[in-house]
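Step one of this worksheet: look at the structure below.
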Amino acid sequence: MNNKMSPSVSPRFFSEKEVSKHCTKDSCWVLLGTRVYDVTGFLRMHPGGEALILRRSGKDVSREIEGPPHRHSENARRWMEQYYIGELDRDSIDEDTEETVSDCRFTPWEHKAFGSQRYDCTRCLEVLTDGL
């Protein structure tokens with residue numbers, strides 16, 4: 001099935017929960033802000049290796065795209081657009097956040113302080129262990 005969108009098609013909307021399920025070599029989605037990309041077909045072509053993308057699959061990669069340590073070029077950003085499949089459903093954000101945060105030892109405020117837009121505990125752990 002080809003999920004890629006043509007410019008004339010209305011965007012599909014996905015919940016954060018749906019995006020987070022696509023975190024394998026067989027189905028790898030990422031967020032760039034509220035835009036959803038199916039980068040499964042790009043994994044093997046990524047100059048930094050597929051493992052870098054897979055570690056961030058199902059999550060917002062905005063920080064990684066902007067850098068540091070490596071800010072992606074405008075060409076890389078244009079290239080990524082061919083993998084665009086839809087938008088994050090903003091109405092689902094609060095529902096998913098409440099469910100995820102309820103199992104976490106951090107408060108919603110602490111999640112925001114860590115810079116996590118998705119309020120996921122994986123991101124908290126990355127921030128807390130960064131530099132160890």
Pairs with Cβ under 9 Å, 6+ apart, first in the range 49-62 and closer than 15 Å to TYR37 by Cα, second acidic (Asp, Glu) and modelled with pLDDT of 90 or more: GLY58/GLU16
Those residues of the range 1-55 which are at pLDDT 90 or above and charged (D, E, K, R), in sequence order: ARG12, GLU16, LYS17, GLU18, LYS21, LYS25, ASP26, ARG35, ASP38, ARG44, GLU50, ARG55
Hits in the range 55-75 (condition: part of a helix (DSSP H, G or I) and either open to solvent by less than 40 Å² (accessible area, probe 1.4 Å) or among the β-branched types (Val, Ile, Thr) (or both)): SER62, ILE65
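The values are calculated or read from the model by the stated rules, or taken from the named source; none is laboratory data. Note that this is a predicted model, so its numbers are computed, not measured. Neighbour counts are summed over all protein chains in view; Cβ atoms, including those assigned to glycine, are modelled from backbone coordinates with ideal geometry. For the accessible areas, the whole protein counts, side chains as well, though only heavy atoms, and no ligand, DNA or RNA atoms are used. Shrake-Rupley method; radii C 1.70, N 1.55, O 1.52, S 1.80 Å.
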